[in-house]
Amino acid sequence: MLKIIVTLMLGAFSLPALASLNILACEPEWGALASELGGDRVTVYNATSAMQDPHHIQARPSLLARARNADLLACTGAELETGWLPILLRQSGNAKIQPGKAGYFEAASYVPKLEIPVRLDRAEGDVHATGNPHIQTDPRNIAVVADALAKRLSQLDPANTAHYQARHKAFADKWQAAIQRWEKQAAPLKGIPVVVQHKAFPYLSRWLGLREVAALEPKPGVEPSSSHLSEVLAQLARQPVKMVLRAAYQDGRSSEWLAERAKIHAVTLPFTVGGSERAQDLFGLFDDTIQKLLTAAQ
Ligand SMILES: [Zn+2]
């Protein structure tokens, strides 16, 4: 009998080491990146969807269960999740994923940030001390984060280092080729003036050379008011733009209001993986973003 048990146990141990790491991603772009780099050695769960505002979510009990079991938390950081992540981390009781631990990964800490405030005043809205957190709209940032995340996967799961390195190399090569393709396609967008609903796209604008002339939110995270919308409309009479941009999760009413009156396009960008039908992975995210911008710019 004992011999049978020992044999069974040895059998269990000789199984291939699949799905070694449980990863909880705060936003779908980091979940998608973890899947690209980890393949079948990781199990990924996203805390938010493309249709949710990542600044503000309700931490559901199912999310808490995922946080308890996670080996790695992959989030944007830069204060994007301050409204919900600290509570989730505290309630999870999971020592592995607390700030400062190897199981805590902040994507934004690896890239230089835009819009770092000179003066921090919460009366100015959702202003983040470390700069604008929406770094995923520039694919060059994703390349930098991929590098750091691949290293972190190896650190947490050294037995699969060769696997993570090989997947990272394959992804990085394909990604660099895609960036060149996107930059070529997006060349006509350079210098195009746009309005944004939320300050969600400074990295995208800098990458493609879009010129942001106004935001519909009077302050970041503050809903557009009718008086502020009227001001933006008046501004556009003097300073015409081609389009108004919003993220898939945002309410479209203020964008549509402006677009109708200013006779411009209201463009819904996927913003992250899952934000549109074509944005089913990171490549689709940028394919679709550039396609939508080009269509509106014509
Ligand atoms: Zn924001």
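The values are calculated or read from the model by the stated rules, or taken from the named source; none is laboratory data. Fair warning: this is a prediction, and the values are worked out from it, not measured in the lab. All Cβ positions, even for glycine, are placed from backbone atoms using ideal geometry, and neighbour counts span all protein chains on display.
Points to keep in mind about this one:
- Segment 168-198, residues that are in contact with a strand residue (DSSP E or B) (Cβ under 8 Å, 6 or more places away or on another chain) and buried (at least 20 other Cβ atoms within 10 Å of the Cβ): Val194, Val195, Val196, Gln197, His198
- Pro220 vs. criteria surrounded by fewer than 22 Cβ atoms within 10 Å (Cβ to Cβ), in contact (Cβ under 8 Å) with a residue 24 or more places away in the chain and within 22 Å of the chain's Cα centre (by Cα): yes
- Segment 83-97, residues that are assigned to a helix (DSSP H, G or I) and within 16 Å of the ligand (Cβ to nearest atom): Leu85
- Checking each residue in segment 53-68 for being more than 13 Å from the ligand (Cβ to nearest atom) and touching a residue at least 12 places away in the same chain (Cβ under 8 Å) picks out Ile57, Gln58, Ala59, Leu63, Leu64, Arg66, Ala67, Arg68.
- In the condition set (1) over 29 Å from Pro28 (Cα atoms); (2) among the β-branched types (Val, Ile, Thr); (3) in contact with a Lys or Arg (Cβ under 8 Å, 6 or more places away or on another chain), Thr268 is compliant with all but (1).
- Among the residues here, Arg167 does not qualify as over 20 Å from Thr76 (Cα atoms), at pLDDT below 95 and either more than 16 Å from the ligand (Cβ to nearest atom) or among the hydrophobic types (A, V, I, L, M, F, W, C) (or both).
- Top-ranked residue in segment 65-87 [being more than 22 Å from Leu149 (Cα to Cα) and surrounded by 15 or more Cβ atoms within 10 Å (Cβ to Cβ); ranked as modelled with the highest pLDDT]: Trp84
- None of Tyr203, Tyr249 is more than 17 Å from Asn132 (Cα to Cα) and in contact (Cβ under 8 Å) with a residue 24 or more places away in the chain except Tyr249.
- Residue ranges of helices (runs of 4 or more DSSP H) in segment 153-250 with at least 1 members within 28 Å of Gly31 (Cα to Cα): 161-185, 202-208
- Flag for Asp173 being within 16 Å of the ligand (Cβ to nearest atom), farther than 20 Å from Leu73 by Cα and of a type in the set (Asp, Glu): no
- Sole residue being free of Cβ contacts under 8 Å to residues at least 12 places away in the same chain and within 19 Å of Thr289 (Cα to Cα), chosen from Ala162, Ala177: Ala177
- Count - residues of segment 70-79 that are away from the ligand (no atom under 16 Å from the Cβ) and part of a strand (DSSP E or B): 3
- Test: residue in segment 137-145 that is closer than 24 Å to His168 by Cβ, within 13 Å of the ligand (Cβ to nearest atom) and either modelled with pLDDT of 95 or more or not in a loop (DSSP other than H, G, I, E, B) (or both): yes
- Lone unmet requirement of (1) within 16 Å of the ligand (Cβ to nearest atom); (2) in contact with a Lys or Arg (Cβ under 6 Å, 6 or more places away or on another chain); (3) not small (Gly, Ala, Ser) for Asn160: (1)
Conditions tested, residue by residue: (1) in contact with a Gly (Cβ under 8 Å, 6 or more places away or on another chain); (2) more than 28 Å from Arg167 (Cα to Cα); (3) of a type in the set (S, T, N, Q); (4) in a strand (DSSP E or B).
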site: Leu33; (1), (2), (3), (4): no, no, no, no
site: Val44; (1), (2), (3), (4): yes, no, no, yes
site: Ser49; (1), (2), (3), (4): yes, no, yes, no
site: Gln52; (1), (2), (3), (4): no, yes, yes, no
site: His55; (1), (2), (3), (4): yes, yes, no, no
site: Gln58; (1), (2), (3), (4): no, yes, yes, no
site: Arg68; (1), (2), (3), (4): yes, no, no, no
site: Glu81; (1), (2), (3), (4): no, yes, no, no
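- Per this entry, Pro202 is counted among residues that are under 23 Å from the mean Cα position of the chain (by Cα) and within 16 Å of the ligand (Cβ to nearest atom).
- Contact annotation: residue pairs with Cβ atoms under 7 Å, 6 or more positions apart or on different chains, pairing a residue in segment 92-104 that is within 11 Å of Ala67 (Cβ to Cβ) with a partner that is among the aromatic types (Phe, Trp, Tyr) and not in a helix (DSSP H, G or I), are Ile97/Tyr104; Gln98/Tyr104.
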